[in-house]
Amino acid sequence: MDPSQTDTLRPDLPPNWLDQVTIRQLGKADLRALEWEGEFIHFRRLYASAYERARMGLALLWGAFLPGDRLIGQLFIQLLSDRLELADGSRRAYLYSFRIRPAYRGNGLGTRMLEVIEQDLIARGYEILTLNVAKDNTRAQALYRRLGFRITAHEPGIWSYPDHEGVWRRVVEPAWRMEKRLKQPHQ
């Protein structure tokens, strides 16, 4: 079998597993689950900051859960950013930190999460959803294109954050900015 196909063929997933997934906004009690058993512990402070922004109404944190509250996907939305071309607080929102556990990729969960989030944003009056995707993440780019996003700009992808121990980390991840016009109910 071609190794690139191993994550899309899942004999261990029951046929109706996606029907058992709940997509909901995250609460404070969900923050530790975002660390994925330590794999993303270095983002602990970022998650806490994102949660505070959500509490203030500036962001939305979403998770996809299997029964028993097992987090298998996450997606964050900034409603307002200091970069208004990404999120302006009224008509343009910015999607980031979109991640699905490898065992659940390629089976419709990402599409379903984006559909739920887009409907929520439309209900809030947002018209455009913006995101940045790493230039080397061709699989994610293909998903976004299939769902109606288009490339609008190059992003240098340089950012910094304090890890869980307070050490500042620098990330360089060249990206494409992509955006999608959300369908309004009257369209």
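Structural remarks
- Taking all Cα-Cα distances within the chain, those exceeding 21 Å account for 54%.
- Karplus-derived 3J(HN,Hα), 6.51/-1.76/1.60, for each residue of segment 161-176, Hz, glycine and proline x: 7, x, 6, 5, 9, x, 7, 6, 10, 10, 10, 10, 9, x, 9, 9
- Computed FRET value (nearest 0.05) for SER160 with ARG124, which takes r as the C-beta separation and R₀ as 30 Å: 0.50
- Between ALA29 and ARG146, the simple spin-label model (points 7 angstrom out along Cα→Cβ) gives 3.5 nm.
- Calculated FRET value between ARG70 and LYS135, using beta carbons and R₀ = 30 Å, to 0.05: 0.40
- Cα Rg, Dmax (largest Cα-Cα span) when computed across segment 14-105, Å: 13.9, 44
- Rg(Cα) / (2.2 N^0.38 Å) computed for segment 76-183, rounded to two decimals: 1.10
- Test item: Cα-centred dipole of segment 64-140, Lys/Arg +1 and Asp/Glu -1 on Cβ, debye: 320 debye
- Point-charge dipole on Cβ atoms (K/R +1, D/E -1) for the chain, about Cα centre, debye to 20: 400 debye
- Where only DSSP H runs of four or more residues are counted, the chain gives -6000 deg cm²/dmol as its mean residue ellipticity at 222 nm, each run worth -39500 (n - 2.57).
- Within segment 26-105, the GluC sites (Glu not before Pro) that combine a DSSP coil assignment with at most 16 other C-beta atoms in a 10 angstrom radius are GLU37, GLU39, GLU85.
- Partners for LYS135 among lysines (Cα-Cα distance below 22 Å; same-chain residues under 8 apart left out): LYS180
Throughout, read-outs are computed from the coordinates displayed, never taken from laboratory work. Being a predicted model, the structure only gives us computed values, none of them experimental. Don't worry about glycine lacking a Cβ; one is built from the backbone with ideal geometry, like all the others, and counts go over all protein chains shown.
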